[in-house]
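Here's the structure we're looking at; comments come further down.
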Amino acid sequence: MPPDHPPTAPRTVIKRDGTAVPYDRERIVVAILKAFASLRQGSREEAERLAEKVEAWLVQAYGSTPPTVEDIQDIVERILMDSGYPEVARAYIIYRHERARLRDARARRVEATDNIPYRIIYEVLLWNLDHRCDTIDHLNEWVESGRFPELVREAEARFDRDLRVAAERIRERQGTVRLVIIAGPSSSGKTTTTMRLSEYLRELGLRLVPINLDHYFFDLENHPRDEYGDYDYETPNALDIERINRDLAALLEGRPIRTPHYDFQTGRRTLDVHPMQLGKDEILLVDSLHGLYGPLTAAVPDHQKFRLYIETLEQVRNGYGVFLRWADLRMMRRMVRDARQRNHAPVQTITHWHYVRTSELKYIIPYINTADYILNSALPHELSILKPRVITFLPEAMKLCRDDPRRQDAYLRAKRLAEWLEPLREVHDDSCIPANSIIREFIGGSVYTY
């Protein structure tokens, strides 16, 4: 039978771990106050009034059934919106998400559903919304107002903060971790990230020895080819996995080795070139496209590894609400880099991209859940910097591939990217880009040697 006097507030609340705890209105009041404070408005009296509305909703919706923490948070958002506080509701959503991020950080989890890190994507979107760089129109405003360097500073600082968090995570496991892996799909910025992370770890007192597994590619002539004679060097099987594991095991045992050297201009490697040895207290730092692929580092026990996954999780949309695809951003980066460093025409990069995507979907993305940390390497300002370096090659790729039924993927890719970039304002002066920026890995002018 229902109670004679319906409750005016829940008696208990179900926490995220399933346990029941006494309901406390003060928690709601404090959360709303923090949202008010972030906008420098509101009062405690108003927060208490809104909390009472939340309680009334809870009783109406759940009666004597204990609500969950998430149920209460959902109702708080609704009450704020219905009470004429849309900006406060937005601030509360950010506060709520930040609390979730901190809980996740404490638990040291990487969450990915269908191999997509939705939590981090949401963080990126919120950051872009807060800095008005979530659309092409907003990016154009930064350029047209002359404040583009300000956006550069803000975005570069965000990446720096995230990278320093990763360094701190590794320091917390000092004494156990012997191998730090920087992994991610092509042109996600692994090499620059490896160098910068190495610097931050040294600041924290960790001693590192970097090793570049790109030098373990087999000679290009030994890779499979497609019907166009194009080599497939995106598969992990293009790497000498057996030698990698042998050398990793030797290094962790303190024995000296000599790694190969791979020349991307000639497509050939030379064995036993670079001498290496790992000290007892040193950590091996690996930059590899397929770093999360299990067989690549099978010789190293899992508890001795720290896996950092890097991806361009950009959240910028055009006037039709279409978001730029992460792979398209990375393809632009690679078009520029391959032309500068590897003697590949940008059109060749586009027609080769099917190998890149096939390999990513098979050997990289499915392993994202094994990562200890996910880093977003996309920088919204890079779009205006990259556009003038790639836009002239897209019509050429479309013309080359349009009538070839075997290259329709390349045609559609070039067409999609050209249409998305068309309304974006170009920035030709890259002097505001820091010398240690990830973008420098692709456009040149980096403080690092690649």
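The values are calculated or read from the model by the stated rules, or taken from the named source; none is laboratory data. Not measured: the values here are computed from a predicted model. Positions of Cβ are generated from backbone atoms using ideal geometry, with glycine treated the same way; all protein chains shown enter the neighbour counts.
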Worksheet entry | Condition met for Leu278 (without any contact (Cβ under 8 Å) to a residue 40 or more places away in the chain and of a type in the set (A, V, I, L, M)) | no
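Among the residues of the stretch 368-386, what is the count of those that are in a helix (DSSP H, G or I) and surrounded by 19 or more Cβ atoms within 10 Å (Cβ to Cβ)? Lay out the reasoning, then the answer.
Looking only at the stretch 368-386, we keep the residues that are in a helix (DSSP H, G or I), and these are 368-370, 382-386.
Checking which are surrounded by 19 or more Cβ atoms within 10 Å (Cβ to Cβ) leaves us with 368, 382-386.
Residues that pass the stated criteria total 6.
Please state which one of Arg49, Arg27 is under 15 Å from Arg96 (Cβ atoms) and either touching a helix residue (DSSP H, G or I) at 6+ places or on another chain (Cβ under 8 Å) or assigned by TED's automatic domain parsing to the domain that holds Glu87 (or both). Break it down stepwise before answering.
On the way: Arg49 fails: under 15 Å from Arg96 (Cβ atoms).
Matching residue, one of Arg49, Arg27: Arg27.
Within the stretch 414-438, which residues are more than 22 Å from the chain's Cα centre (by Cα) and in a helix (DSSP H, G or I)? Steps first, answer last, please.
In the first step, residues of the stretch 414-438 are kept if they are more than 22 Å from the chain's Cα centre (by Cα); the result is 414-416, 418-419, 422-432.
Hits for the stretch 414-438 are Ala414, Lys415, Arg416, Ala418, Glu419.
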Practice prompt. Could you please find all residues in the stretch 297-319 being over 16 Å from His381 (Cα atoms) and either in contact with a Pro (Cβ under 6 Å, 6 or more places away or on another chain) or assigned to a loop (DSSP other than H, G, I, E, B) (or both)?
Written response: Ala298, Ala299, Val300, Pro301, Gly319
Discussion item. Quick test of your reading of the structure: Val390 fulfils all but one of (1) surrounded by fewer than 19 Cβ atoms within 10 Å (Cβ to Cβ); (2) assigned to a helix (DSSP H, G or I); (3) in contact with a Pro (Cβ under 7 Å, 6 or more places away or on another chain). Name the failing condition by number.
Written reply: (1)
Item to complete: Can you tell me which residue among Ala397, Ala410 is in a helix (DSSP H, G or I) and without any contact (Cβ under 8 Å) to a residue 60 or more places away in the chain?
Response: Ala397
Item to complete: Please find, among Tyr231, Tyr216, Tyr200, the residue that is aromatic (Phe, Trp, Tyr) and either over 28 Å from Ser359 (Cα atoms) or not assigned by TED's automatic domain parsing to the domain that holds Ile283 (or both).
Response: Tyr200
Response to the item:
Picking from Asp160, Asp219, the residue that is out of contact with any helix residue (DSSP H, G or I) (no Cβ under 7 Å at 6 or more places or on another chain) and free of Cβ contacts under 8 Å to residues at least 40 places away in the same chain would be Asp160
Worksheet entry | Filter result for Leu251 (buried (at least 17 other Cβ atoms within 10 Å of the Cβ) and not in a loop (DSSP other than H, G, I, E, B)) | yes
Discussion item. Can you find, within the stretch 34-52, the residue that is farthest from Pro86 (Cα to Cα) among those that are crowded, with 18+ Cβ neighbours inside 10 Å and free of Cβ contacts under 8 Å to residues at least 40 places away in the same chain?
Written reply: Ala51
Fill in: Candidate set: the stretch 269-284, residues that are within 31 Å of the chain's Cα centre (by Cα) and in a loop (DSSP other than H, G, I, E, B); chosen: the one nearest to Arg243 (Cα to Cα)
Leu278
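How about the stretch 322-333: which of its residues are surrounded by fewer than 23 Cβ atoms within 10 Å (Cβ to Cβ) and either part of a helix (DSSP H, G or I) or outside the structural domain of Asp409 (by TED's automatic domain parsing) (or both)? Spell out the reasoning first.
Pass one, the stretch 322-333, residues surrounded by fewer than 23 Cβ atoms within 10 Å (Cβ to Cβ): 322-323, 325-328.
Answer for the stretch 322-333, where residues must be surrounded by fewer than 23 Cβ atoms within 10 Å (Cβ to Cβ) and either part of a helix (DSSP H, G or I) or outside the structural domain of Asp409 (by TED's automatic domain parsing) (or both): Trp326, Ala327, Asp328.
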